[in-house]
Amino acid sequence: MRALVVTEFGGPEAVRIVESEVPEPAAGQVRIKVAAAALNPVDAGVRSGVFGGAGERIGLGWDVAGTVDAVGPGADRSVGDRVVALQYGLVKPLGTHAEYVVVDAASVAAAPASVDAVHAATLPLNALTAAGALDLLDLGEGQSLLVTGAAGAVGGYAVQLAAHRGVVVTALARESDEPLVRSLGAAGFVPGGASPAGGFDAVLDAAVLGAAALEWVRDGGAYAGVIPRTEPAPVRGVRTAAVEVAADGARLAELVALLDAGVLTARVAGTYPLEEAVEAHGRLAKGGVRGRLVLVP
């Protein structure tokens, strides 16, 4: 099979297509024939060496949508099931940017019925991250939340999930993105570069602004970041934490149900075949992508 890997760190040109043996599922695992796999900023980080692994062959890709085509002993799935999954792991020999991928059955959920595989592939990593960050904040109905980077994939899902829970959401995003974030459920809007008035019960920092975002949280409020172990130090009694996403099939199934119910919106910015992965990485590197770029084997 074909798979995308890096063997040396660098820019988009570091991405290579290699031929690899089709992986076999072990006990509790399934093999998925990949229909679509999202390209995320974490893939750019892996490619450029942010997470280490020098000298190793590192596979790219975390999200997958496709069809189960082999089942290991004890795995609670059937051949032919349409599924989505998250394959967690920063430094791994094969990722989901491939024609086949093996994942733990516990990370798998039935695919959404309301969208195609390309759109479904944008859900696992980004929606699980948004949901996990909101869990850390533990906001109740009527409380106030500022979401930075609200027009991005994680930020957009965070706006929708929080609004669905009755949280009053203010979005921080580019001025041109105001119609988008309001359509996702933001009650308030602050253009990027401006300073919010502050006093929010919490900030979900999808734009990775760090300590600067603490200024907008009331005393005793909460801050949640989206990159593990990078949260700023607490001040004024503000709780600070950063989400570490987990490959949780049961939680992913809940998010799939919300997508099918129209609570969540899967946004695709473009699709690329595997052989155009360098171009896809180049497009991501330019920034300003609304929705996810998706690789389609």
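The values are calculated or read from the model by the stated rules, or taken from the named source; none is laboratory data. Source: prediction; values computed, not measured. Quick reminder, even Gly has a Cβ in these numbers, built from the backbone with ideal geometry, and neighbours come from all protein chains shown. Please note that ligands, DNA and RNA were not included when accessible areas were found on the heavy atoms of the full protein model with its side chains. Shrake-Rupley method; radii C 1.70, N 1.55, O 1.52, S 1.80 Å.
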## Note on the structure
Asserting the computed 222 nm helical MRE of the chain (DSSP H runs at least 4 long, -39500 (n - 2.57) per run, divided by residue count, to nearest 500) equals -6500 deg cm²/dmol
### Query
So, by mean Cβ neighbours within 10 angstrom, what's the order for 15-27, 96-108, 147-159 with the highest one leading?
147-159, 96-108, 15-27
### Query
Where Lys and Arg each count +1 and Asp and Glu each count -1, what net charge lies around L128 among other residues with Cβ under 12 Å from its Cβ?
-4
### Message
Under the √(5λ) rule applied to the eigenvalues of the Cα gyration tensor, what semi-axes describe the equivalent ellipsoid of the chain? Give them in Å, descending.
### Response
32, 21, 17
### Task
Quick one: compute the contact order of the chain, relative version, from alpha carbon pairs under 8 angstrom and 6+ residues apart, as a percent.
20
### Spherically averaged projected area of the range 1-136 from its Cα convex hull (nm²)
8.6
### Query
Of the accessible area of the range 1-108, with the probe set at 1.4 angstrom, what percent is carbon plus sulfur?
51
### Task
First obtain the Kirkwood hydrodynamic radius of the range 74-170 from its Cα pairs, then insert it into the Stokes-Einstein equation at 25 °C and 0.890 mPa s, and state the resulting D in µm² per second as a whole number.
160
#### Entry: Degrees between helix 153-164 axis and first principal axis of the chain (Cα, 0 to 90, nearest 10)
60
### Message
Assuming 0.36 nm per residue, please report the length gained on full extension of the stretch T67 to I17 beyond their Cα-Cα distance.
### Response
15.8 nm
### Summary
Probe 1.4 Å, heavy atoms of protein chains only: per residue, the accessible area of the chain in Å² is 40
### Task
Lys and Arg at +1, Asp and Glu at -1: add these up for the other residues within a Cβ distance under 10 Å of Q143 and post the number.
-2
### Message
Calculate the FRET efficiency for E24 and R57 from the Cβ-Cβ distance with a Förster distance of 22 Å, rounded to the nearest 0.05.
### Response
0.75
### Query
Expressed in nm to one decimal, what extension gain is obtained for the pair A233 and A194 from 0.36 nm per residue of sequence separation less their Cα-Cα distance?
11.7 nm
### Task
Give the Kirkwood hydrodynamic radius (Å, one decimal) of the range 189-282, defined as one over the mean of 1/r across all pairs of different Cα atoms.
16.2
### Query
Tell me, what is the FRET efficiency for E99 and R218 to the nearest 0.05, using R0 = 51 angstrom and their Cβ-Cβ distance as r?
0.55
### Summary
The relative contact order of the range 100-198, taking Cα pairs under 8 Å that sit 6 or more residues apart, comes to a percentage of 21
### Summary
Of the accessible area of the range 197-297, computed with a 1.4 Å probe and all protein chains kept, carbon and sulfur make up a percent value of 53
### Message
Taking the 0 to 90 degree range and rounding to the nearest ten, how far is the long axis of helix 277-286 tilted relative to the main principal axis of the chain, both from C-alpha atoms?
### Response
10
### Summary
Toy charge model, Lys and Arg Cβ at +1, Asp and Glu Cβ at -1: the range 91-226 dipole around Cα centroid in debye, rounded to 20, equals 80
### Summary
Between R82 and E275, the FRET efficiency computed from the C-beta separation at R0 = 25 Å comes out, to the nearest 0.05, as 0.50
## Note on the structure
Sorted by chain and then number, the residues having a modelled amide H within less than 5 Å of the amide H of A75, at least 5 places away or on another chain, are G28, Q29
## Note on the structure
Packing-ranked peptide list from 246-254, 227-235, highest mean Cβ count within 10 angstrom first, is 246-254, 227-235
### Task
Averaging sequence separations of C-alpha pairs under 8 Å and six or more residues apart, then dividing by the length of the range 1-126, give the relative contact order as a whole percent.
32
